[in-house]
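Every number in this text was worked out from the coordinates using simple rules, so none of it is lab data. If you're wondering where the values come from, they're calculated on a predicted model, not measured in any experiment. Heads up, the Cβs are rebuilt from the backbone with ideal geometry, glycines too, and the neighbour counts pull from every protein chain shown.
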Amino acid sequence: MTTGPRAQRVCAAEQQAGFTLIEVMISIVVLTVGLVSLLGVFAVALRATQSSQADMIAKQLASEAMESIFTARDTGQSQWSDIQNVANGGIFTDPAATQPINNAGADGIVGTADDTLAGAKVLTLPGPDGIVGTADDVIMPLTNYQRSIAITPVLDSANNPIPTLRQVTITIFYTTSQFRTQKTYVLSGYISAFR
């Protein structure tokens, strides 16, 4: 038996072993689970990206309604007593029944009863040339959006209504076009009688 460097190389070669078939199978299963999880993440990201335009439109419609309420108060066009739902003596439609998204009526205020006469609101998107206002513009109807405006009194610590403060809650109900998912966007704020 030799004990020199050549013998050490022979022993080392005999001790080295490759991956066994079981180790390869286990690594393939772990890799497959990781890749399937990664595909799931891509699917979620794709869904979020495709519904982002609908989400942005819902936010804009809610902001438009909120700004309209503040404009009604600030311009003096409406009295403080008018900044309520119809059931409470105001001019804004009741929240019990959601309303389609219409243009502002003759009073110029979004969310009032005369909006139905102004017709359905549409969104004009730029066409292939990327410029709004040309013949190739894309007209997008907002028929899959509905709005509810709730204006409620704010109560003090003794449960008495504060006469100069009201809470406004605007809810937009809509479905995304790609996945037909029912979604809701809620915008809440307060409005006071003071300008």
Within segment 111-129, can one find any residue that is of a type in the set (A, V, I, L, M), outside any strand (DSSP E or B) and within 24 Å of the chain's Cα centre (by Cα)?
no
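Could you identify the single residue in Ala150, Ala104 that is in a strand (DSSP E or B), under 23 Å from Ser63 (Cβ atoms) and of a type outside the set (Asp, Glu)? Write out each step before concluding.
Numbers: Ala104 fails: in a strand (DSSP E or B).
The unique qualifying residue is Ala150.
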Taking first residues from segment 40-56 that are under 15 Å from Tyr174 (Cα atoms) and second residues anywhere that are among the small types (Gly, Ala, Ser), the pairs with Cβ under 8 Å that are 6 or more apart or on different chains are Ala54/Ser177
Scanning segment 136-192 for residues that are over 24 Å from Gln79 (Cα atoms) and basic (Lys, Arg), the one surrounded by the fewest Cβ atoms within 10 Å (Cβ to Cβ) turns out to be Arg180
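Could you pull out the residue among Gly108, Gly119, Gly76, Gly130 that is touching a helix residue (DSSP H, G or I) at 6+ places or on another chain (Cβ under 9 Å) and small (Gly, Ala, Ser)?
Answer to the check: Gly108.
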Residue count, segment 145-195, condition touching a residue at least 12 places away in the same chain (Cβ under 8 Å) and farther than 16 Å from Thr98 by Cα, comes to 21
